[in-house]
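In what follows, a structure is listed as structure tokens, so that the remarks can point back to it.
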């Protein structure tokens, strides 16, 4: 059993998938990660890119029934005590997934955590909307940089914060969650 499952739902995300997946493996911190890319009927070669460049990752192909459906399909395919749901346009740039899990394990009553998000300009996502909006308009994309422990002491969800990536505690004692 892997230490952490990572689910990435992709729909025509080829340009973002390579840096996203590369960052997962680079910042694993020694964890055994089970990376699952759920491809929602992409036509841009997203699934093929994953199969060619990331042979350790699994690809689940299916119809595009939406983001939640894709995440649920990925969740059905994994068996790990923790699951990271990560958008394809997000990259880990600091800290390690091992550090994140260590922080989560130290808080057994915490079931869900999010990661601090940064824009390309290294601004905290949500704290400088003008710069982030200009970046998105200029580049016609939205890449999010994730800062993981130990490089941040913020582990709890802040009010009003949105996440492109969350880690769910999915140990046996927590699996009675209804995701419907």
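The values are calculated or read from the model by the stated rules, or taken from the named source; none is laboratory data. From a predicted model like this one, the values you see are computed outputs, not experimental measurements. Neighbour counts run over all protein chains shown; Cβ positions are idealised from the backbone, glycine included.
Here is a list: 17, 75, 4. Which entry is within 25 Å of residue 105 (Cβ to Cβ) and touching a helix residue (DSSP H, G or I) at 6+ places or on another chain (Cβ under 7 Å)?
4
Looking at the range 97-130, which of the residues that are within 15 Å of residue 27 (Cα to Cα) and touching a helix residue (DSSP H, G or I) at 6+ places or on another chain (Cβ under 9 Å) is modelled with the highest pLDDT?
97
When you check residue 85 against the structure, is it touching a residue at least 24 places away in the same chain (Cβ under 8 Å) and in contact with a helix residue (DSSP H, G or I) (Cβ under 7 Å, 6 or more places away or on another chain), yes or no?
yes
Going by the structure shown, is residue 64 more than 18 Å from the chain's Cα centre (by Cα) and surrounded by fewer than 20 Cβ atoms within 10 Å (Cβ to Cβ)?
For residue 64, the condition - more than 18 Å from the chain's Cα centre (by Cα) and surrounded by fewer than 20 Cβ atoms within 10 Å (Cβ to Cβ) - is met.
Residues of the range 85-94 being in a strand (DSSP E or B) and either within 16 Å of residue 19 (Cβ to Cβ) or at pLDDT 95 or above (or both), which ones?
86, 90, 91, 92, 93, 94
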